[in-house]
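A short worksheet on the structure shown next.
The values are calculated or read from the model by the stated rules, or taken from the named source; none is laboratory data. It should be emphasised that the depicted structure is a prediction, and the values quoted were computed from it without experimental measurement. Here the Cβ positions follow ideal geometry from the backbone for every residue, glycine too, while neighbour counts run over all protein chains shown. For accessibility, only protein heavy atoms count, side chains too; no ligands or nucleic acids. Shrake-Rupley method; radii C 1.70, N 1.55, O 1.52, S 1.80 Å.
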Amino acid sequence: MGGSLTARFNEPMQAATITSGTFKLKDQANNVVPANVSYNQSTNVATLKPQSALQFSSVYQAVLTAGGSC
């Protein structure tokens, strides 16, 4: 199962602070799913795209931790 996750911020963020270390996807066993993270400064949207297909009917948790800067 493919696709991506997005997080929209209500104010501009510093792009260098939105990384795979601050925006993660975890599987049911709490393992971090390898993903590419990007940030669009014109829309204030961070995008997380898993590097491989996700398992159908599995539960995942998106985690956005403090560490991003305005």
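Select from the stretch 51-70 the residues that are without any contact (Cβ under 8 Å) to a residue 40 or more places away in the chain and open to solvent by less than 50 Å² (accessible area, probe 1.4 Å) and list them in ascending order. Matches in the stretch 51-70: Ser58 only.
Of the strands (runs of 3 or more DSSP E) lying entirely inside the stretch 9-50, the ones with 3 or more residues being buried (at least 17 other Cβ atoms within 10 Å of the Cβ), out of contact with any Gly (no Cβ under 7 Å at 6 or more places or on another chain) and not aromatic (Phe, Trp, Tyr) are found at 45-50. For the stretch 1-45, a residue qualifies if it is under 8 Å from the mean Cα position of the chain (by Cα) and among the hydrophobic types (A, V, I, L, M, F, W, C), and the qualifying residues are Leu5, Ala7, Phe23, Leu25, Ala35, Val37. As for the stretch 54-64, it holds no residue that is in a strand (DSSP E or B) and among the hydroxyl-bearing types (Ser, Thr, Tyr).
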